[in-house]
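The block underneath contains the structure these notes are about, expressed in structure tokens.
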Amino acid sequence: MSATIQMNEQGFQPSSVTIAKGGKVIFKNTGSSDVWPASDPHPVHTNYSAFDSRGGIKSGESYEISFPDAKIYTFHDHLHPGSRGSVEVK
């Protein structure tokens, strides 16, 4: 099971999704400037260190990440830290 989150300068849409354990989330940049999805906390991304695109995702590009454990993962846009969201894995 997978979910897609669109991201742009205004934030994440939807900002929260639920997926099955082992599922993935695809982050698609629909804006005009780079975005950088990453695990909380900002700026160190240590809650789930594999969840860090390690750089800006350009307009029209995507980043995908799998989630191995059942829990809630919170995230932000490293370039715009006020943009936040969560992935609930069941």
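Key figures
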| read-out | value |
| --- | --- |
| First in segment 1-23 and without any contact (Cβ under 8 Å) to a residue 60 or more places away in the chain and small (Gly, Ala, Ser), second anywhere and part of a loop (DSSP other than H, G, I, E, B) and loosely packed, with under 14 Cβ neighbours inside 10 Å, Cβ under 9 Å, 6 or more apart | GLY22/MET1; GLY22/PRO68 |
| Residues being open to solvent by 60 Å² or more (accessible area, probe 1.4 Å) and either part of a strand (DSSP E or B) or touching a helix residue (DSSP H, G or I) at 6+ places or on another chain (Cβ under 8 Å) (or both) - total across segment 2-12 | 3 |
| Residue count, segment 41-79 (criterion: of a type outside the set (A, V, I, L, M, F, W, C), in contact with a strand residue (DSSP E or B) (Cβ under 9 Å, 6 or more places away or on another chain) and surrounded by fewer than 18 Cβ atoms within 10 Å (Cβ to Cβ)) | 19 |
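The values are calculated or read from the model by the stated rules, or taken from the named source; none is laboratory data. What you are looking at is a predicted structure, and each value in this text was computed from that prediction instead of being measured. Neighbour counts run over all protein chains shown; Cβ positions are idealised from the backbone, glycine included. Note: accessible area is taken over every heavy atom of the protein model, side chains too, but ligands, DNA and RNA are not part of it. Shrake-Rupley method; radii C 1.70, N 1.55, O 1.52, S 1.80 Å.
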